[in-house]
Amino acid sequence: MSPHPASAPAQAPGPMPPHAAPRPAPSSAGLPPKPATRPGSTPGEPPRRPASVPLPPQRPAHRPPAGDGSEARGYAAPAPAGSSPDTRHPTHAGPSTNGHGSAAFAPDPSLSWSAPMAPGGTPGAGRPVVSFGQPEGYDEQARPRPLGLRIRPRVAVAAACVVLGLGLIGGAVTGSWLIGDPGDGGTRDTFAAAGSLWHSVPVDQLFPPTVIGRGAGPGGADRTWTRIAVAPDTGCANAFDPLLRKALSTVGCERLLRATYIDATQSYVTTVGLLFTTADATAMRSLDTRFTKEGLDRRTDLMPRPYAAKGTEAAGFGDEQRASWTVSVLTDAPVVVYAVSGWADDRTVDEPEPARQAMESGETTAVAQAGLGHEAQGLADRVERSLRKNVGQATEQPS
């Protein structure tokens, strides 16, 4: 027996399968075989592998245009005209394939919008459920945030505005008397109570023994005045110059209270007065309008007279020593408040100046430089505040 079996005789090739390419014959030159062409194919067409060789998964060479829905429906890409379908390249690998090699796609009816409702009106177990989230807004830094978060700050701000508004209204009503603007309620009672203070309030409350004037001096300096004399309550016969007495006669004279003060340096003396009238609120407003329009409080022939108490530093404080003055007609009380100031050394003054003019910035007169305008205006303001405070206490209801 020969160690090598004899080669089998060559047999004639049988019919070629329709999709199989002939196995290339070995070449004596060692070169790769020349690919065979199928009948009916063009010379430039690439050869196909035998059907028995497994092919790697490939994507379809042709994708349908976006939006036509062919991929979603499981359709294969159309083959070029004149070519046979290729069953080895299915478009989808599904649970089952049709006769042409493409995946058979069957949608789940339970996931459809038209799926029947389960008994009781609730969606089926597989039916899609859609929920809407909370809408979002944007803050000052363009960061998204739920719109619901903006409600609470706005509510808080609105509540704060309401509380603030109520507080302002209450404060305006409560402090109307203190600022000289009476409110609607209790105006008549306040007006009447103010007119009776001259005989119901102790003198120390109307003219305190010591008056502190915070920022009442030139340049905002503090002032302190000490009472050195109190005049008995009298009429108005000799308290004013003739023209001023005539101007005040329209509101009458119930009582006149006066007191004289000296400053802490004992350089200036000031007489402050409270004229309680017999007029009503309408007459007081009319007098105030006349003083404002006609400038009666700036005329040197309408100055109030000082109270020169004997045996005090103001003993020589007469008409010739008047340097500055102020007259204020109240409209919420039957009272005229005034003050007149001068030097404590009894020097005469040739040109008196109204307090407002002497207090103006840049004024260079001797009266202004000495601060006598601040003396008259500052003390009159503090006595008026004391009057209003006593009126407020008189109108308070007992608890």
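The values are calculated or read from the model by the stated rules, or taken from the named source; none is laboratory data. Predicted model, so just to flag it, every value in this text is computed and none were measured. Note: ideal-geometry Cβ built from the backbone for every residue, glycine included; neighbour counts use all protein chains shown. Ligands, DNA and RNA are stripped out before the accessible areas are found, and what is left, the full protein with its side chains, is counted by its heavy atoms. Shrake-Rupley method; radii C 1.70, N 1.55, O 1.52, S 1.80 Å.
Against the conditions (1) surrounded by fewer than 16 Cβ atoms within 10 Å (Cβ to Cβ); (2) under 22 Å from T234 (Cβ atoms), E363 satisfies every one except (2).
Among the numbered conditions (1) surrounded by fewer than 17 Cβ atoms within 10 Å (Cβ to Cβ); (2) under 22 Å from E313 (Cα atoms), the only one that A221 does not meet is (2).
Determine if the range 182-197 includes at least one residue that is at pLDDT below 80, more than 23 Å from E254 (Cα to Cα) and open to solvent by 80 Å² or more (accessible area, probe 1.4 Å). Taking every residue of the range 182-197 in turn, at least one turns out to be at pLDDT below 80, more than 23 Å from E254 (Cα to Cα) and open to solvent by 80 Å² or more (accessible area, probe 1.4 Å).
Each residue in the range 220-245 was checked for being free of Cβ contacts under 8 Å to residues at least 24 places away in the same chain and not in a strand (DSSP E or B), and 7 pass.
Condition check: of a type in the set (A, V, I, L, M, F, W, C), under 51 Å from the mean Cα position of the chain (by Cα) and open to solvent by 10 Å² or more (accessible area, probe 1.4 Å). Does A264 satisfy that? Lay out the reasoning, then the answer.
Details: of a type in the set (A, V, I, L, M, F, W, C): yes; under 51 Å from the mean Cα position of the chain (by Cα): yes; open to solvent by 10 Å² or more (accessible area, probe 1.4 Å): yes.
Yes: the conditions hold for A264.
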